[in-house]
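Below is one structure, written out as structure tokens; comments come after it.
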Amino acid sequence: MVNVFKRLLGRIFKNLFKKKKHLKIGLYGPPNAGKSTLANRICKDWLGEEMSAVSNIPHETREIEIKEQINLQNDGKELSFSLVDTPGIATKIDYEDFIKKGLKKKEAKQRAKEATKGVIDAIKWLDDMDVVIVILDSTQDPYSQVNITIVGNLQARDIPVLLVGNKVDLKRSNLKKIEAAFPQYDIVGISAQYGNNIDKFYDALISTANA
């Protein structure tokens, strides 16, 4: 009975400490959904500098990138965290896809190798995350194997998730499809490039982190 009480007390103190500590927040999603664009938006808003390179070629981010000590303040609320931008998650990476984007064969094979390692590293890093932002392209079909794999991994780990539908500035954007695909989550629609609804995103991030 004493041991049970000790474990319960330990869990309570752990949870109290967890809410007060500096968090580690990860950006996850498929390639070209806008993770690095959102990372740059967050860092420019709160640090005055960009974080990641952005490109129309998939898997521009092939290594984990981290920005420390971001202090977000929105509507009287605060959140202190490190932002982790991860490589785009893909179930298949083919060097020929890079050749189609204009890369030479040698460079395409190297990029595919680096991208594959980046995906493995991103999944490993999930266990270190306090909160995960999943960013999806709202102009694309959300019912993809990649999206289901990402969300499934997060549910299995019981990690707090904020689901973001990016590119709402485009006519093909359809947030209702994302909501139908993942009804267990509230969806925030934004344009990471132009800043549409970014204050709503920050408010949702604080609420998710403090839930």
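The values are calculated or read from the model by the stated rules, or taken from the named source; none is laboratory data. Computed from a predicted structure; not experimentally measured. When we count neighbours, we look across all protein chains shown, and the Cβ atoms used for this are built from the backbone with ideal geometry, even at glycine.
Summary of computed values
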{"read-out": "Count of residues meeting criterion [of a type outside the set (A, V, I, L, M) and crowded, with 17+ Cβ neighbours inside 10 Å] in the stretch 126-138", "value": "3"}
{"read-out": "Strands (runs of 3 or more DSSP E) lying entirely in the stretch 127-202 (those with 1 or more residues that are closer than 21 Å to ASN71 by Cα, out of contact with any Asp or Glu (no Cβ under 7 Å at 6 or more places or on another chain) and not β-branched (Val, Ile, Thr))", "value": "161-166"}
{"read-out": "Condition met for ASP45 (surrounded by fewer than 19 Cβ atoms within 10 Å (Cβ to Cβ) and modelled with pLDDT under 85)", "value": "no"}
{"read-out": "Any pair with Cβ under 7 angstrom, 6 or more apart, that starts in the stretch 160-180 at a residue that is within 8 Å of THR139 (Cα to Cα) and ends at one that is of a type in the set (Asp, Glu) and surrounded by fewer than 16 Cβ atoms within 10 Å (Cβ to Cβ)", "value": "none"}
{"read-out": "Some residue of the stretch 50-68 being within 14 Å of the chain's Cα centre (by Cα), among the basic types (Lys, Arg) and modelled with pLDDT of 75 or more", "value": "yes"}
{"read-out": "Residue check, THR149 closer than 20 Å to ALA39 by Cα, surrounded by fewer than 18 Cβ atoms within 10 Å (Cβ to Cβ) and among the hydroxyl-bearing types (Ser, Thr, Tyr)", "value": "no"}
